[in-house]
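Chemist: This is the structure I have questions about; it appears just below.
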Amino acid sequence: MDQLIVHHIIVHELKKQPEMAEADLLLSSQALPITELATDLIGRLDQTFERKSDLLQGFLLEPDEGLFPAYYQNWLEDGRRRESFVDFSRNSMTALKDNLQGVVGAKGGYLLFADYSIEEQRMLGIYMIRNTEGMVFTDDEVDESLRLQTTAYLDIQNMAMAARLLAGPGRNVQMIRHARTQSSISQYFTDWVGIDRAETSSELTHSFLEMVEELPVPKDRETGFAMNEGDFEKALVKYAAKAPQQTIRVQDFDQHFYGNDKPLQDMLAEQESPIDQGFRVDRKALRNQFYLRAGVGGISITCTKDHFRNGQIHIDEASGKITINSEELASLLLDQNGE
């Protein structure tokens, strides 16, 4: 895991039963001690968030457009102090309870507010988590045997709802995209945080790829000659996989592929674009743009668009025939077939 530093952490309980319209709060009066256990919890929550490929991303509303953005701005202006962190979280929870009143079907949980940094990126994480039942083996000192007992633990893997607010400019609000069947219930959480110009990671990734197609192919760093399209596509997928917080930043992208030139920044300056200064990439959507997979009747194939460009794979649309030109692949299949 990247270096994790926890600055402040506090947890409150939002009490609500799905069949009830009313909600209640159990608010903590002070922040939690930053222990090794607490730090491990934040690290695991952040990792769970990182594994989500398609997030909702946008900008935080202005302070005069919502209670949460106003409380958040007050805390930032107060220097992110611990005392104001507690006040910010408590005031925000009260606003959340008001948003939740009358939402039948929604249920409560523990809201954990964490101010932390990973490498050089500071962020505020808000994670709704709930207890779940499990089983453990325990020692029975009387008859020196093991017994099976039930226990309750935090269900970190199935995080109910979560948001991260990244420090700095740009598209700095990230939220777990909820299932379509729960959208009417979870909308209160999105409204509470106050996200503006929201788009999914998949949508932003497709917008980015459309712009990249119009850019000149960059030069290979080793040879100094222009890359071919296939090599550029592979380099792009590799670059996205290693991007910190899976976030592609426009300035860093230009620097990595074009050095002192700024083709993507120049393009953005000429037209209004949803990717702005940067965005959280959907790596699955990125790979699906270049890596093709299909399978029917027990026959499957995985290839890239470069295989089509190089003539290694050809499809006759009229006859529906697929031609694969590869002596090596043919040899491997024949060896397995015993011929």
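Every number in this text was worked out from the coordinates using simple rules, so none of it is lab data. The shown structure was predicted, so the numbers you read here are calculated from the model rather than taken from an experiment. Backbone-built Cβ (ideal geometry, glycine too); neighbour counts: all protein chains shown.
Chemist: Scan segment 33-137 for GluC sites (Glu not before Pro) in coil per DSSP, keeping those whose Cβ has at most 12 other Cβ atoms within 10 Å, and list them by number.
Modeler: Answer by residue number: E119, E120.
Chemist: Using a simple charge model, +1 on the beta-carbon of Lys and Arg, -1 on the beta-carbon of Asp and Glu, nothing else, what dipole does the chain show about its Cα centre, in debye to the nearest 20?
Modeler: Dipole magnitude for the chain comes out near 340 debye.
Chemist: Would you be so kind as to identify which of L27, I129, T190 lies farthest towards the positive end of the dipole of segment 4-193, taking Lys and Arg as +1 and Asp and Glu as -1 on Cβ and the Cα centre as origin?
Modeler: T190
Chemist: Could you work out which residue, out of A38, A243, A269, moves most in a Gaussian network model of the chain, that is, has the largest mean-square fluctuation with Cα springs under 10 Å?
Modeler: Judging by the Gaussian network model, the answer is A269.
Chemist: If you don't mind, there's one more thing I want to ask. With point charges of +1 on the Cβ of Lys and Arg and -1 on the Cβ of Asp and Glu, referenced to the Cα centre of the chain, which listed residue (L60, T48, M227) lies farthest in the positive direction of the dipole?
Modeler: So the residue furthest toward the plus end is L60.
Chemist: While we're here: Can you check what the net charge comes to around D155, using other residues whose Cβ is under 10 Å from the Cβ of D155 (Lys, Arg +1; Asp, Glu -1)?
Modeler: 0
Chemist: In nm, to one decimal, how far is the R44 label point from the E270 one, both placed 7 Å along Cα→Cβ?
Modeler: Result: 5.1 nm between the two label points.
Chemist: Considering only DSSP states other than H, G, I, E and B, which trypsin sites (Lys or Arg not before Pro) in segment 170-268 qualify as loop sites with at most 14 other Cβ atoms within 10 Å? Before the final figure, lay out the partial values.
Modeler: Numbers: sites: R171, R177, R180, R197, K219, R221, K234, K238, K242, R249; in loops: R171, R177, R221.
Sites meeting the loop and neighbour criteria: R221.
Chemist: Quick one: length gained pulling D78 to T223 fully straight, 0.36 nm per residue minus the C-alpha distance?
Modeler: Going from the current span to full extension adds 47.0 nm.
Chemist: Using R₀ = 35 Å, calculate the FRET efficiency as 1/(1 + (r/R₀)^6) where r is the Cβ-Cβ separation of E327 and R51; round to 0.05. Please list the in-between numbers first.
Modeler: On the way: r = 40 Å, r/R0 = 1.15.
Computed FRET efficiency for E327 and R51 comes out at 0.30.
Chemist: For a 20 Å ceiling on Cα separation, which of these pairs sit above it: K15/K52; K219/K262; K238/K305; K52/K284; K52/K242; K219/K284?
Modeler: Long pairs (Cα-Cα over 20 Å): K15/K52; K219/K284.
Chemist: May I ask for the angle, rounded to the nearest 10°, between helix 67-77 and the longest principal axis of the chain, with both axes built from Cα atoms and the value confined to 0 to 90°?
Modeler: 90
Chemist: Okay, moving on. Among (i) 27.9, 101; (ii) 19.4, 60; (iii) 25.1, 78, which one is Rg and Dmax of the Cα atoms in Å computed from these coordinates?
Modeler: Read-out taken from this structure: (iii).
Chemist: Counting other Cβ atoms within 10 Å, which chymotrypsin sites (Phe, Trp or Tyr not before Pro) in segment 194-269 have at most 15 and lie in a DSSP loop?
Modeler: F225
Chemist: Right, here's the next one. Applying a 10 Å radius around every beta-carbon, put 125-131, 111-117 in order of their mean neighbour count, most first.
Modeler: Sorting 125-131, 111-117 by mean packing, highest first, produces 111-117, 125-131.
Chemist: Work out how much length Y153 to I299 would gain on full extension: take 0.36 nm times their residue separation and subtract the Cα-Cα distance, in nm to one decimal.
Modeler: Stretched fully, the Y153-I299 segment lengthens by 48.2 nm.
Chemist: For the residue pair Y291 and K242, what label-to-label distance in nm results when each label sits 7 Å from Cα along the Cα-to-beta-carbon direction?
Modeler: In this crude label model, Y291 to K242 measures out at 1.7 nm.
Chemist: Using alpha carbons only, what's the Rg to Rh ratio of segment 210-339 with Rh from Kirkwood? Mind dumping the intermediate values first?
Modeler: Values: Rg = 18.7 Å, Rh = 17.5 Å.
Value, to two decimals: 1.07.
Chemist: How far apart, in nanometres, would the label points at D98 and D143 be if each is projected 7 angstrom from Cα along the Cα-to-Cβ direction?
Modeler: About 5.9 nm separates the two model spin labels.
Chemist: Which three semi-axes in whole Å describe the equivalent ellipsoid of segment 291-337, each the square root of 5 times a Cα gyration tensor eigenvalue, listed largest first?
Modeler: One finds semi-axes of 18, 14, 12 Å for segment 291-337.
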